[in-house]
Amino acid sequence: MSTAAEERSARAPWVLTAPALMLFVGVLLIPLAMTVMLSFHDWGQYKGIEPVFILKNWREIATDPYYAEMFGRTFRIAILTTLLTAVLGAPEAYILNRMSGRWKSFFLLIILGPLLISVVARTLGWALLFGGNNGLVNKLLMSFGLIRSPIPFMFTETGMVVALAHVMMPFMVLSVWAALQRLDPQIENAALSLGARPMTIVRRIIMPQIMPGVLSGAIIVFSLSASAFATPAIIGGRRLKVAATLAYDEFLNTLDWPLGAAVATLLLAALVLIVVGSNALIERRYAEVFR
Amino acid sequence: MRRNGPLALIFHTIFVIVMVAPILVVCLVAFTPEGYLSLPTNGFSLRWFRTIANYPEFIHAFWVSLGLGALSSFVALLFAVPAALAIARYRFRGRDALAALFLSPLMIPHVVLGIAFLRFFTSAGMGGSFAALIIAHVIIVFPFALRLTLAAAIGMDLSVEMAAVSLGAGGWTLFRRVTLPLILPGVISGWALAFIQSFDDLTMTVFLAAPGTETLPVRMFLYIQDNIDPLVTSVSACVIAITMTALILLDRFYGLDRVLAGKGDTGR
């Protein structure tokens, strides 16, 4: 037998979450479902959107090599950005973690702060630094003798990767940082007392333990880079399209909404598959760390 | 623990310089007296900050952004606070699924959200309206509002509430006089983080904004697409200054590492 009080406490969580649930079903799930539906509709220059069920858009994406090239570029940029942030961000997080209290929080603020500064402003900064063949970055690299002739950064994938890596770097540092907090500093001393050299300690003690942090950071960076819009649009210009900028073009310039919806649906599906899949892989591989 | 060696410190110095350089460059160029982009710049002038006054669309966009951020973060909290209390206190079937649904806007690319909302609000006859922008922003800032409120609700001492109940408080009074004051730091930080997210969003908003409801990032983006000149750098410098102020307040009030640690989980 249940008392009135018990019944009320069984109902309470649903009463409390009902408004938010209704909001999410009404304004998130329904619009998303409508977008998937839209990708099966027909469109013509003069007739507009026709609510029929056809595979035209999906067939176009599957057969036209333009889309293969564009998705290839999108994921190539995302992978390179992820590698760059991992290779530079993980050591930086390690160095930060070894600093003393005041410097640690100061530099953490400097490195993580940009996360909250407008992406448009940050990318604009890179556009200024790249600025043609005699931009500041090229001048610096040449004066240090690192390169002979200027590297084109604006309107190239190289420039997009550099700027995106800067935008995404805080996520990687943060993720590795979180993994480092779980690490017992005494283990390092123990290895040292047993005669391990610094490089051996990093390779055999530190690396295996922060790997889950690097990998979960990589998933975040990858999925955000693959769907990035502002940076590819500003650095890549009008010709070098990625998935997000192409969808934008279809929606606001060409006005072929069904095709744009198909591109967006495919991007969402690919990302969900990759993120869920690699999360499962990481959790199985590092089950003992997450326990 | 061992100290950092000289090589590590050199790496660290270069890393920090590269992280700060683009933001610094924007702020430096904003003070150029020249009529074109020049780097390095010589001289110092507020010319381009004064020029902003001649572009009412930037000023209007600023007010749109400010109102949109403040309002949508507030509305998000109206929904998020009860939901956070339910998730923090009750174990019920569907609890994990609900939490995942409420955090899902973090995982869905903003391009996809922009497209979905554009389609939805256009068919509802609300395309380009300020109301549509508010609803869309409520959804994208909801996870941030929920997370910080949830952290506060989980850390709350329930015995205080029980004491109030034993003294005869209940319902609305209990919430207003006991529960809300106790979780208020989390709620305010949630509002601030939600505000920053809304204030900075470009990718989703660029699909929804129409002339008149353009936000500052959208206005800046559309301007940069046509030409990059010192004007956008002075506008950017203002945006950076506003965000920095909010950041420092957030750090003093709540601790930036805690706020950002919540953000780092985006992909999980």
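The values are calculated or read from the model by the stated rules, or taken from the named source; none is laboratory data. Keep in mind that what you see is a predicted model, and the values were worked out from it rather than measured. A quick note on method: Cβ atoms are made from the backbone with ideal geometry, for glycine too, and the neighbour counts reach across all protein chains shown.
If you go through region B:14-46 and pick out every residue that is crowded, with 16+ Cβ neighbours inside 10 Å, out of contact with any helix residue (DSSP H, G or I) (no Cβ under 7 Å at 6 or more places or on another chain) and more than 10 Å from chain A (Cβ to nearest Cβ), you end up with 1.
Apart from one condition, B:Asp251 fits all of (1) more than 23 Å from B:Phe74 (Cβ to Cβ); (2) assigned to a helix (DSSP H, G or I); (3) not aliphatic (A, V, I, L, M); the exception is (1). Answer with yes or no whether A:Gly125 is touching a helix residue (DSSP H, G or I) at 6+ places or on another chain (Cβ under 6 Å), within 21 Å of B:Thr243 (Cα to Cα) and either part of a helix (DSSP H, G or I) or more than 10 Å from chain B (Cβ to nearest Cβ) (or both). Against the criterion (touching a helix residue (DSSP H, G or I) at 6+ places or on another chain (Cβ under 6 Å), within 21 Å of B:Thr243 (Cα to Cα) and either part of a helix (DSSP H, G or I) or more than 10 Å from chain B (Cβ to nearest Cβ) (or both)), A:Gly125 qualifies. Scanning for something outside any helix (DSSP H, G or I), farther than 30 Å from B:Asp226 by Cβ and either within 11 Å of chain B (Cβ to nearest Cβ) or in contact (Cβ under 8 Å) with a residue 24 or more places away in the chain (or both), does region A:184-191 turn up at least one residue? Yes, region A:184-191 contains at least one residue that is outside any helix (DSSP H, G or I), farther than 30 Å from B:Asp226 by Cβ and either within 11 Å of chain B (Cβ to nearest Cβ) or in contact (Cβ under 8 Å) with a residue 24 or more places away in the chain (or both). Put simply, of B:Ile240, B:Ile188 the only residue that is closer than 30 Å to B:Tyr36 by Cβ and not in a loop (DSSP other than H, G, I, E, B) is B:Ile240.
Of all the listed residues (B:Val206, B:Val178), the sole one being among the aliphatic types (A, V, I, L, M) and more than 30 Å from B:Val29 (Cβ to Cβ) is B:Val178. Restricting B:Leu77, B:Leu106, B:Leu71 to residues that are more than 7 Å from chain A (Cβ to nearest Cβ), within 20 Å of the chain's Cα centre (by Cα), closer than 30 Å to A:Ala270 by Cβ and crowded, with 17+ Cβ neighbours inside 10 Å narrows the list to B:Leu106.
Taken over region A:12-52, the criterion of being facing chain B (nearest Cβ under 7 Å) and among the polar types (S, T, N, Q) is satisfied by A:Thr17, A:Thr35. When restricted to residues that are in contact (Cβ under 8 Å) with a residue 24 or more places away in the chain and in a helix (DSSP H, G or I), region B:114-134 contains 9.
Taking the residues in region A:63-116 that are among the β-branched types (Val, Ile, Thr) and within 13 Å of another protein chain (Cβ to nearest Cβ) as candidates, determine which candidate is nearest to A:Thr231 (Cα to Cα). Once the filter is applied, the top-ranked residue is A:Thr74.
Please tell me if A:Met168 is in contact (Cβ under 8 Å) with a residue 12 or more places away in the chain, touching a Ser or Thr at 6+ places or on another chain (Cβ under 8 Å) and under 21 Å from B:Ala237 (Cα atoms). When the stated conditions are applied, A:Met168 passes them. Only one entry of B:Ile196, B:Ile228 meets the criterion of being over 24 Å from A:Thr17 (Cβ atoms), modelled with pLDDT under 90 and not in a helix (DSSP H, G or I), and that entry is B:Ile228. Taken over region A:63-90, residues that are surrounded by fewer than 17 Cβ atoms within 10 Å (Cβ to Cβ), under 28 Å from A:Gln181 (Cβ atoms) and not hydrophobic (A, V, I, L, M, F, W, C) amount to 0.
Would a scan of region A:221-231 turn up a residue that is over 22 Å from B:Phe221 (Cα atoms) and of a type outside the set (Ser, Thr, Tyr)? Yes, region A:221-231 contains at least one residue that is over 22 Å from B:Phe221 (Cα atoms) and of a type outside the set (Ser, Thr, Tyr).
Listed by position, the helices (runs of 4 or more DSSP H) inside region A:199-291 whose residues that are within 30 Å of A:Gln45 (Cβ to Cβ) and of a type outside the set (Val, Ile, Thr) number at least 2 are A:230-236, A:243-249, A:257-285. Based on this model, can you work out whether B:Leu66 counts as more than 30 Å from A:Asn134 (Cβ to Cβ) and in a helix (DSSP H, G or I)? When the stated conditions are applied, B:Leu66 passes them.
Residues that are exposed (fewer than 10 other Cβ atoms within 10 Å of the Cβ) and not in a helix (DSSP H, G or I) were ranked within region A:128-145; the one that is farthest from the other protein chains (Cβ to nearest Cβ) is A:Gly145. Of the residues making up region B:89-103, those that are within 23 Å of B:Phe195 (Cβ to Cβ) and more than 7 Å from chain A (Cβ to nearest Cβ) number 2. If you go through region B:224-233 and pick out every residue that is in contact (Cβ under 8 Å) with a residue 60 or more places away in the chain and over 13 Å from A:Ser118 (Cα atoms), you end up with 4.
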